[in-house]
Amino acid sequence: MTTDTVFAIGSVSKAVVAAGVLSLVEDGRLAVTDRVGDLVPGLTGDIGDATIGQLLEHSSGLAGDAGPDHAPLTRAEAIASISELPITFEPGTDFGYTNAGYTLLALVIDEITGDYRGFVARELLAPVDGVERAGFWDGEPAASGERAVGYLDSGPSDQQGEFGGPHWSMNGNGDLAMSVPQLARWAEAFFTGRLLPAGVVAQASEGRRDLGDGTAVTFGWARFDESAFGAPGIGAAGGGGDTGHQAVVVFLPETSTTIAIGSNTTDVSAEELLAELVPPIAAGTPVTAPEEIASVPADESILDAAVGTYWLDDANRFVVSAVDAGLQVEALGERAVEVLFPLPEGLEAEAAERHEAAVVSLLTGDDELGAEERELLAEVVGAITDVTVEGTLVDGGELRTYVTVRGRSDSILLWYALDERGAIAGAEGPTDPPSAMIVPLADGRFAHTDPAGRRDDVLLAFDGGGLTVDGAGARVVATRDDKG
């Protein structure tokens with residue numbers, strides 16, 4: 001991993017697409033008030049009444065995706081698929097993040113310029129830093145250079161930019177790739193007016209819809225006030241897909257500072273790192289490295305003795321295995337996950353409970369949004385007979401609920417991350433249970449840590465046939481029973 005390593009930047013691609021749309025507006029070839037149904041031949045359904053501006057700010061009401069990531073989808077198929085997607089609210093009346101809306105914007109660019117990908121590469125990427133790295137993750141014109149291998153919960157991703165297309169499932173909503181310095185230079189050039197005219201920058205920077213938490217949606221970005229990082233700014237984030245990458249970029253106008261981060265594992269979340277880095281940078285103070293865990297050399301006999309399965313009750317268990325110089329602990333069951341992975345400060349337990357209820361509703365209800373997901377799962381497990389919540393935690397900067405889905409012929413463990421409308425923002429299955437690496441301390445206990453060097457307030461101790469876990473302000477004792 002070097003500064004030249006190329007990452008799939010995921011939904012940060014939307015900021016580039018928005019810049020392209022606004023440049024066409026600046027040239028008089030398009031207006032933010034234009035109906036998308038008048039611009040994309042063959043588009044039908046209620047989405048045709050949405051305007052370009054509503055698509056840019058995620059207020060079109062369109063829910064879902066044109067198609068699954070890295071699945072072949074032609075231009076005509078994308079238009080047909082989007083035409084059939086549900087509208088969850090009247091355009092312009094609410095906020096609902098949507099990938100399909102930005103696929104529509106890519107189709108608009110394609111219709112006006114005759115070549116969506118050529119326009120993006122020629123007008124939006126090449127003027128900043130040539131074409132030696134920036135480009136598309138899959139297909140042409142491709143980002144050049146060594147590519148980061150992404151790591152999912154289930155292991156290394158097999159998505160290395162070799163998907164042959166057609167690429168309209170991801171065009172416009174998560175298709176671009178850059179090195180991290182390239183991303184920083186692109187954002188800095190955009191916001192300082194070196195890439196596109198000042199009118200485009202002003203349109204993209206203006207807060208369009210206040211979300212009530214110190215942030216406001218813009219055309220392609222999100223504005224935040226000083227409550228988040230100590231200084232106002234504007235940023236974009238992407239990731240959570242099957243490439244295993246995350247990317248985030250922030251511009252702080254008061255100091256004209258740009259910060260970009262790329263990660264190829266959810267163990268080190270780009271957004272969590274951003275939250276640690278921006279406040280000292282904004283304040284002009286030194287950035288200090290996290291304190292390392294004061295671990296001690298592992299005694300192999302102690303590690304071997306700890307390996308096993310520990311049960312809280314019939315529904316909750318910890319599975320301990322030896323890995324490198326420490327132990328790995330898997331948690332299954334709501335109580336086990338809650339104790340081993342406490343929710344971050346400021347996030348209430350009710351938020352996790354609402355997320356769990358939404359996931360169960362998606363997989364068992366009669367709503368249109370979940371119909372496709374249930375159909376896909378039925379191909380694996382048969383008709384769904386039961387959905388068991390195995391726990392909810394924050395990973396990769398998002399709430400993830402783990403569930404076991406049982407069908408008439410099989411069962412599968414998955415996790416889902418849903419947006420505020422209940423649509424799938426991320427998912428993986430089959431997947432492994434949530435797990436944590438723990439390392440031995442001098443007092444004989446073990447500390448729950450992560451590769452970023454941060455230490456959660458979770459301590460574990462093994463005593464004969466038991467495992468004591470102190471976390472989330474509670475202490476639980478699990479009993480060893482390797483036979484389950």
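Only one of the listed residues (GLY407, GLY391) is of a type in the set (Gly, Ala, Ser), modelled with pLDDT of 90 or more and at positive phi. That residue is GLY391.
Mind checking which residues of segment 120-170 are closer than 20 Å to ALA100 by Cα, modelled with pLDDT of 90 or more and not β-branched (Val, Ile, Thr)? Once the filter is applied, which keeps residues that are closer than 20 Å to ALA100 by Cα, modelled with pLDDT of 90 or more and not β-branched (Val, Ile, Thr), segment 120-170 yields PHE136, TRP137, ASP138, GLY139, PHE163, PRO166, HIS167, TRP168, SER169, MET170. Selection of first residues in segment 85-114 that are free of Cβ contacts under 8 Å to residues at least 24 places away in the same chain and in a helix (DSSP H, G or I) and of second residues that are surrounded by 24 or more Cβ atoms within 10 Å (Cβ to Cβ) and aromatic (Phe, Trp, Tyr), restricted to Cβ pairs under 6 Å at least 6 apart or on distinct chains, gives an empty result. Under the condition of being modelled with pLDDT under 95 and among the hydroxyl-bearing types (Ser, Thr, Tyr), which residue from segment 206-239 is nearest to the chain's Cα centre (by Cα)? Checking each candidate, the answer is THR215. Restricting ALA121, ALA143, ALA204 to residues that are under 30 Å from ASP267 (Cβ atoms), aliphatic (A, V, I, L, M) and surrounded by 18 or more Cβ atoms within 10 Å (Cβ to Cβ) narrows the list to ALA143.
Each residue in segment 354-382 was checked for being in contact with a strand residue (DSSP E or B) (Cβ under 8 Å, 6 or more places away or on another chain), farther than 19 Å from ARG406 by Cβ and among the charged types (D, E, K, R), and 0 of them qualify.
Which members of segment 12-33 meet the condition of being touching a strand residue (DSSP E or B) at 6+ places or on another chain (Cβ under 8 Å) and either modelled with pLDDT under 95 or within 13 Å of GLN203 (Cα to Cα) (or both)?
Of everything in segment 12-33, those that are touching a strand residue (DSSP E or B) at 6+ places or on another chain (Cβ under 8 Å) and either modelled with pLDDT under 95 or within 13 Å of GLN203 (Cα to Cα) (or both) turn out to be ALA15, VAL32.
For segment 21-43, a tally of residues being in a helix (DSSP H, G or I) and either free of Cβ contacts under 8 Å to residues at least 24 places away in the same chain or under 23 Å from the mean Cα position of the chain (by Cα) (or both) returns 2. Inspect segment 348-356 for any residue being part of a strand (DSSP E or B) and surrounded by 14 or more Cβ atoms within 10 Å (Cβ to Cβ) and give the result as yes or no. Within segment 348-356 (the criterion being part of a strand (DSSP E or B) and surrounded by 14 or more Cβ atoms within 10 Å (Cβ to Cβ)), the answer is no, since none of the residues qualifies.
The values are calculated or read from the model by the stated rules, or taken from the named source; none is laboratory data. Keep in mind the model is a prediction, meaning the values are calculated, not measured. So basically every Cβ, Gly included, is an ideal-geometry build from the backbone, and we count neighbours across all protein chains shown.
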